[in-house]
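Heads up: the structure comes next, in structure tokens.
The values are calculated or read from the model by the stated rules, or taken from the named source; none is laboratory data. Note that the coordinates shown come from a computational prediction; the quantities given were computed from them, not determined experimentally. Cβ: placed from backbone, ideal geometry, glycine included. Neighbour counts: every protein chain shown.
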Amino acid sequence: MIKIKSYPLSDDQINDYLLRIGDLNTRISSESCFNNNRPLHLEIGCGNGHFLLARSQNYPQINFMGIDISRKRILKTIYKLAKINSPNVQTILGESKSLLEQAFADKSIDTCYLNFPDPWPKRKHHKNRLMKKDFLDLLHEKLTANGRFLAVSDHESYFLEILDLLENDNRFVNGLSTRYSNEFEAYEPSLFEEKWRQEGREIYYLKFIKNE
Ligand SMILES: C[S@@+](CC[C@H](N)C(=O)[O-])C[C@H]1O[C@@H](n2cnc3c(N)ncnc32)[C@H](O)[C@@H]1O
């Protein structure tokens, strides 16, 4: 039994929702992790699982995977998933870029969500931002044909940097009728979205589709 704050989690509950890469003898795909061929949706930096939980409940016919680098956040996510029984969700504890590179099968991800990536606001820390050309190359490799990438942020300059990267990459096409949007219909809010909306911050959304 593991305790995170007041949340007790049994080993069985953790085993049900935590994918341990070392235990896999093949790369991650719907088939290898969910024993079916349903579309696989990946959330990068799923935090406490707010979005993952709501989205997976609304789309039970889709397989969801959440990655986060924080053990505490993954355990909080698992606690929520276990409480409502979520057979279409798995989580992975780890760094998303290396996991994508080393653990996911090519063309295995139908949709990838990036909700409120850490903006590293200080210029000297910009190098730590996740979304760069090499990450986009990886994403392109792992998305299925016509796979989708959705990103959301309250940080205008980082958001515009991501948008610029995608707009200048002819392997992707914009999936919205505008460059970006400040509203996304039928998009479950993450914890950060709820928090920043309450503060009155503007939220930016983009959606791009792999061009093949
Ligand atoms: C600003 S929080 C947003 C959390 C959640 N997506 C939301 O919108 O409420 C960023 C999250 O990304 C995770 N994270 C940051 N860098 C990561 C990386 N390289 N790989 C996996 N997770 C990462 C952090 O631990 C944190 O949970």
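Here Met131 fulfils each of the conditions (1) within 13 Å of the ligand (Cβ to nearest atom); (2) not in a loop (DSSP other than H, G, I, E, B) apart from (2). When region 46-71 is filtered for residues that are more than 13 Å from Tyr187 (Cα to Cα) and assigned to a loop (DSSP other than H, G, I, E, B), the ones remaining, listed by number, are Cys46, Gly47, Asn48, Gly49, Pro60, Gln61, Ile62, Ile69, Ser70.
Yes or no, residue by residue, for (1) more than 16 Å from the ligand (Cβ to nearest atom); (2) at pLDDT 95 or above; (3) not small (Gly, Ala, Ser):
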{"position": "Lys127", "(1), (2), (3)": "no, no, yes"}
{"position": "Glu141", "(1), (2), (3)": "yes, yes, yes"}
{"position": "Asn146", "(1), (2), (3)": "yes, yes, yes"}
{"position": "Leu165", "(1), (2), (3)": "yes, yes, yes"}
{"position": "Gly175", "(1), (2), (3)": "yes, yes, no"}
{"position": "Arg179", "(1), (2), (3)": "yes, yes, yes"}
{"position": "Leu191", "(1), (2), (3)": "no, yes, yes"}
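Reported count of residues in region 53-67, each being within 11 Å of the ligand (Cβ to nearest atom) and β-branched (Val, Ile, Thr), is 1.
Pairs meeting the criteria (first residue in region 142-157 and in contact (Cβ under 8 Å) with a residue 24 or more places away in the chain and under 17 Å from Thr111 (Cα atoms), second residue of a type in the set (Asp, Glu) and surrounded by fewer than 18 Cβ atoms within 10 Å (Cβ to Cβ), beta carbons under 9 Å, at least 6 apart or on different chains) are Lys142/Glu101; Lys142/Asp106; Ala145/Glu212; Asn146/Glu212.
Among the residues making up region 10-41, those that are in contact with a Phe, Trp or Tyr (Cβ under 7 Å, 6 or more places away or on another chain) and not in a loop (DSSP other than H, G, I, E, B) are Ile28, His41. Pairs linking a residue in region 13-33 that is among the aromatic types (Phe, Trp, Tyr) to a residue that is surrounded by 14 or more Cβ atoms within 10 Å (Cβ to Cβ) and in a loop (DSSP other than H, G, I, E, B), with Cβ atoms under 8 Å and 6 or more positions apart or on different chains, are Tyr17/Ser86. Look at (1) under 17 Å from Arg148 (Cβ atoms); (2) part of a helix (DSSP H, G or I) and you find that Gln102 fails only one, number (1). Of all the residues in region 80-89, those that are in contact with a strand residue (DSSP E or B) (Cβ under 9 Å, 6 or more places away or on another chain) and either in a loop (DSSP other than H, G, I, E, B) or buried (at least 21 other Cβ atoms within 10 Å of the Cβ) (or both) number 4.
Of everything listed in (1) closer than 29 Å to Arg197 by Cα; (2) in a loop (DSSP other than H, G, I, E, B), the single unmet condition for Leu165 is (2). Tell me whether region 110-122 contains one or more residues that are more than 11 Å from the ligand (Cβ to nearest atom), closer than 24 Å to Ser153 by Cβ and without any contact (Cβ under 8 Å) to a residue 12 or more places away in the chain. Yes: one or more hits. The number of residues in region 31-52 being surrounded by fewer than 21 Cβ atoms within 10 Å (Cβ to Cβ) and away from the ligand (no atom under 16 Å from the Cβ) comes to 9.
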